[in-house]
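This report concerns only the one structure given below.
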Amino acid sequence: MQRYFVAPDRFEDDRVVLEGEDAHHLSRVLRAQPGDTCIVSDGVSKEALVAVVAASKERVETKVVEWLAMTSEPAVDVWIAQSLPKGDKMELVIQKGTEIGAARFIPFVSERTIVQLEPKKEAKRLERWRKIAKEAAEQAHRNRIPEIEAPVGWKELLKLAAAADASFLCYEKEDKQQLRKLIREVLDGRPDAAARILLIVGPEGGFTEAEAREAEAAGCRTVGLGKRILRTETAALVGLTCILYESGEMGGAT
């Protein structure tokens, strides 16, 4: 069933109003008629099955048929810190990472990042990334849209490690500490509480040894993702999937 995210103030008692692109999609693309149903969420605390009352290109008025439980989100919050990759790879990471279950995306610039930041384009780029996350969250029937942060520098990123319960830096030269084992250590130590895990993925050229040491000094643990070298966008998605599998979100052991 089609799902939409709306601002919390769009909920008014048992009425919900959709406007803008969502209203156009529901009324013109899906050609919704009075009585047709869809799911609407505020991405915070309210989600409902609603029925269309009146529809136009700019505005669709609906009425709540049934309030729904918000149970689709992982108990583990995974923050994907992705060094800005070339081309549209960041869009792929956000789209697929949202579908899998990431809670937050933090683009950053490291020493070997090739992409050059252009402040004039940042707002437009963020808008596009957030739209991609919204659409992916709707498609995956998530209860919330992941946060998409503005790009930060390497030093600023490392400060975020203190806010997470565990921080892992994917490092191709790490052959002793594998992600799976360390995830189990974190989760086994927090059996009754959700964990916030920061997963840091480098650019196409990987991290320098100096960056790996700086990350360790900031409280991160360098980890490997197996014997094969993964592309940057692949590493982010594999790491995310490993964490959610081990937490039981994908049928893994708990």
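Throughout, read-outs are computed from the coordinates displayed, never taken from laboratory work. Nothing here was measured: the structure is a model prediction, and the numbers come from that model. Glycine gets a Cβ as well: all are built from the backbone with ideal geometry, and neighbour counts include every protein chain shown.
Structure values in brief
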| quantity | calculated |
| --- | --- |
| Rounded, prolate or oblate (a/c below 1.5 giving rounded, otherwise prolate when a/b exceeds b/c) for region 3-67 by Cα gyration tensor | prolate |
| Sequence-separation-based contact order of the chain, relative, with Cα cut under 8 Å and 6+ spacing, percent | 20 |
| Most mobile listed residue (Cys170, Cys220, Cys38) in the chain, GNM with C-alpha springs under 10 Å | Cys38 |
| Cα-projected label distance for Glu147 with Ile229, points at 7 Å along beta-carbon direction, nm | 3.4 |
| Cut-off 14 Å between beta-carbons: net charge of the residues surrounding Glu122, Lys and Arg +1, Asp and Glu -1 | +3 |
| With Cα atoms, 0 to 90° folded angle of helix 89-100 axis to the chain main axis | 70 |
| FRET efficiency for Glu216 and Glu21, using Cβ-Cβ distance with R0 set to 45 Å, rounded to 0.05 | 0.50 |
| Tensor-based shape of the chain (alpha-carbon gyration tensor, a/c under 1.5 rounded, otherwise prolate or oblate) | prolate |
| Point-to-point label distance, Leu92-Trp67, nm (Cα→Cβ direction, 7 Å offset) | 4.3 |
| FRET efficiency, 1/(1 + (r/R0)^6) with R0 25 Å, evaluated for Glu127 and Ala194 via beta carbons | 0.25 |
| Gyration tensor (alpha-carbon) shape descriptor, region 114-162, a/c threshold 1.5 | oblate |
| Under 26 Å from the Cα of Lys89 - lysines, other chains or at least 8 residues apart | Lys120, Lys121, Lys124, Lys131, Lys134, Lys155, Lys159, Lys173, Lys227 |
| The chain - mean residue ellipticity at 222 nm from DSSP helices (-39,500 (n - 2.57) per run, n ≥ 4, rounded to 500) | -9500 deg cm²/dmol |
| Antiparallel DSSP beta bridges within the chain, as percent of all bridges there, nearest 5 | 40 |
| Full-extension gain in nm, Arg28 to Ser56, via 0.36 nm per residue minus C-alpha separation | 9.3 nm |
| Gained length - Gln177 relative to Val44, 0.36 nm times residue gap less alpha-carbon distance | 44.2 nm |
